[in-house]
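Everything on this sheet refers to the single structure shown next.
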Amino acid sequence: MRQMFTIPALLLALPVLAQDTYKVDPVHSEVGFKVRYLVGKTAGSFGKFSGTVVFDDKKIDRSSVQFEIDAASISTNNEGRDKHLRTPDFFDVAKFPTLSFKSVSVKEVAKGKLAVTGDFTLRGVTKRITVPVTSLGATLNPRSQKVMAAWNGAFTIQRKDFGMAYGLTDAANVVVGNDVDIELNIIAEKQ
């Protein structure tokens, strides 16, 4: 799957040290998605999220990820559509205010390429998924004097697997597609 987000070369300058804990920086990170709507694709994002990455560059399998997204923070740059996405037709944010991911394993599949497997919960339904992740390295933030590390990844879910079937009629008459492409650009600060 293609990578949508790019990271400045500055982030590649400093190696990540063994068994470090990082807190996701929501100001410099992005959680985005795309889904088919009629004949095109609609993009959106979530503005509020948090997470922790424990990364061990010496023993990758000791690494872990926990991530939580505020479902009500969804934005597609269309107020009416965003309001509809918060209803029971889609995210049902009153009943299910968060989306979450908690890893159960992290494996290095190639230099700088990881397979992060974990439990993804959406609308109260939990599915085990594997997210392909690229480790982009780390650097010292000149402003805060703290180490920042970066990762990005992309994966696809089927929304009907999570009880979100609005707009799915049949293959010939799809209003809203079943496949949701999710893309992550995560920059986190060492704790």
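A few notes on this one:
- Scanning the stretch 45-53 for residues that are more than 17 Å from VAL180 (Cβ to Cβ), in a helix (DSSP H, G or I) and among the aliphatic types (A, V, I, L, M) turns up nothing.
- The set of residues in the stretch 71-90 that are small (Gly, Ala, Ser), in contact with a Ser or Thr (Cβ under 8 Å, 6 or more places away or on another chain) and not in a strand (DSSP E or B) contains only ALA71.
- With respect to being part of a loop (DSSP other than H, G, I, E, B), farther than 30 Å from ILE60 by Cβ, modelled with pLDDT of 95 or more and not aromatic (Phe, Trp, Tyr), VAL93 fits the description.
- Strands (runs of 3 or more DSSP E) enclosed by the stretch 107-191 - at least 2 residues per element that are buried (at least 18 other Cβ atoms within 10 Å of the Cβ), of a type in the set (Gly, Ala, Ser) and touching a residue at least 60 places away in the same chain (Cβ under 8 Å): 125-140, 147-158, 176-190
The values are calculated or read from the model by the stated rules, or taken from the named source; none is laboratory data. Bear in mind that the values here come from a model prediction, so they are computed numbers and not experimental data. Neighbour counts run over all protein chains shown; Cβ positions are idealised from the backbone, glycine included.
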